[in-house]
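Here is the structure we will look at.
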Ligand code: NAD
Ligand code: UFG
């Protein structure tokens with residue numbers, strides 16, 4: 001019998017791609033999302049891709065009654081928790097919104113799970129918990145440090161999960177630390193739809209290539225990296241989605257466990273690498289100017305992926321060119 005999985009934030013960027021991957025792996029998915037950063041159309045798009053409509057509940061993870069009702073209506077075996085706010089800059093201006101959504105929201109969800117006796121939980125953490133890396137590649141043992149409220153919410157929820165794991169037997173928890181998710185489903189039916197000016201590099205580059213924005217500002221070319229621009233471990237969102245399926249399989253096989261694992265490719269690319277590859281695949285010019293460093297940015301960051309291979313039997317397979325091609329196809333599809 002197919003296992004039912006609750007995916008919070010399943011209408012969002014990573015959640016929607018993971019819902020597709022879960023359905024294609026034979027799971028039945030119920031999405032719970034308040035649509036604060038996504039739309040209902042995404043659910044129809046998921047159905048178009050997989051031929052299966054996921055269950056959908058429009059609700060907030062802080063709404064205990066809604067959670068109780070979901071757990072009563074569906075026999076949920078595991079929860080994959082994406083719902084939350086994610087803009088680093090905004091988190092410094094509205095810290096309470098971030099602590100309420102990301103920390104209180106996770107606590108409410110875990111309380112409802114405890115009551116419903118559901119003990120399999122997969123959490124969206126972030127490479128941001130490593131702060132400014134002391135060593136590259138970054139292993140899961142690297143000390144954690146954060147400099148903004150968003151990062152702090154991830155760190156606190158990681159710690160809450162550890163406390164729960166120590167306090168009660170039977171929990172199967174995976175804390176997945178994502179590096180830089182980019183790209184889109186190859187069908188161009190789902191992807192990332194940032195509201196307003198994109199904070200992240202890839203959607204910004206795509207909008208410049210499209211002619212929607214005139215110039216990319218590159219935040220600094222004086223870092224200690226091969227070409228002076230920032231280096232990151234970009235990972236295709238479909239690879240990331242498969243990483244969640246692998247983490248769920250892993251959890252199902254354990255009596256109990258607390259797994260913390262990096263999800264990245266293990267390879268770093270600079271801002272200029274990204275611009276050049278995007279120009280090549282789109283055949284469009286990406287004009288840029290070099291400006292001052294962005295406050296809080298680090299020079300370079302990429303993952304040690306050994307543990308993910310060892311524990312999950314998973315590794316990313318899509319290269320930077322495919323990431324840019326899929327992001328470009330999505331950009332073209334989104335533009336009227
Ligand atoms: P997203 O904004 O596209 O998706 C989040 C979804 O959660 C949205 O559909 C939103 O409507 C929903 N949501 C937010 N608050 C909610 C609440 N209180 N109740 C119910 N639904 C709520 O973001 P994403 O890029 O898909 O990120 C998913 C998760 O992964 C987040 O927790 C994020 O912090 C984490 N993460 C993202 C990145 C990244 O670069 N995208 C990197 C590391 C970690
Ligand atoms: N960059 C530019 N110009 C832009 C946007 C970005 O030059 O307009 C540069 C940045 O300086 C950085 C690189 O492109 O060198 C990547 O920047 P992103 O904003 O795309 O990604 P970050 O690595 O800064 O942060 C992302 C998420 C965070 C998450 C972190 C680690 O936004 O939420 O990855 O997972 F915490």
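All of the numbers you see were taken from the coordinates with simple rules; none came from a lab. Everything numeric here is computed off the predicted structure, so don't read it as measured data. Reconstructed Cβ throughout: ideal geometry from the backbone, glycine too, with neighbour counts over all protein chains shown.
One decimal place: the segment residue 332-residue 94 gains 82.4 nm when fully extended, by the rule 0.36 nm per residue minus the C-alpha distance. Considering only alpha-carbon pairs that sit under 8 angstrom and 6 or more positions apart, the relative contact order computed for region 264-336 is 49 percent.
In whole angstrom, note down how far apart the Cα centers of region 247-314 and region 50-64 are. Value for the Cα centre distance between the two parts: 28 Å. Counting only DSSP beta bridges with both residues in the chain, what percent are antiparallel, rounded to the nearest 5? In the chain, DSSP labels about 5 percent of beta bridges as antiparallel. The C-alpha atoms of the chain define a longest principal axis, and helix 13-24 lies at about 60 degrees to it.
Sketch the reach of a paramagnetic label on residue 197 as a point 7 Å from Cα along Cα-to-Cβ, and name the residues of region 216-237 whose backbone nitrogen lies under 19 Å away. Inside the label zone: 216-221. Taking all Cα pairs closer than 8 Å and separated by 6 or more residues, the relative contact order of the chain comes to 19 percent.
Across 209, 241, 25, mean-square fluctuation computed from a Gaussian network of the chain (C-alpha pairs under 10 Å connected) peaks at 25. Among 99-108, 32-41, the peptide with the highest mean count of other Cβ atoms within 10 Å heads the list, and the full ranking is 99-108, 32-41. The C-alpha atoms of the chain define a longest principal axis, and helix 320-334 lies at about 80 degrees to it. The packing ranking, built from the mean of other Cβ atoms within 10 Å per residue, places the peptides 164-173, 313-322, 225-234 in the order 225-234, 313-322, 164-173, highest first. The C-alpha atoms of the chain define a longest principal axis, and helix 201-210 lies at about 60 degrees to it.
Fully extending the segment from residue 279 to residue 214, taken as 0.36 nm per residue of separation minus the present Cα-Cα distance, adds 22.0 nm. Our estimate of slack between residue 132 and residue 221, defined as 0.36 nm per intervening residue step minus the Cα-Cα distance, is 30.3 nm.
When the chain is treated as a Gaussian network with alpha carbon springs shorter than 10 Å, the biggest mean-square fluctuation among 123, 278, 71 belongs to 71.
Normalising the average separation of contacting C-alpha pairs (under 8 angstrom, six or more residues apart) by the number of residues puts the relative contact order of region 181-303 at 37 percent. Per residue, the convex hull spanned by the alpha carbons of the chain comes to 125 Å³.
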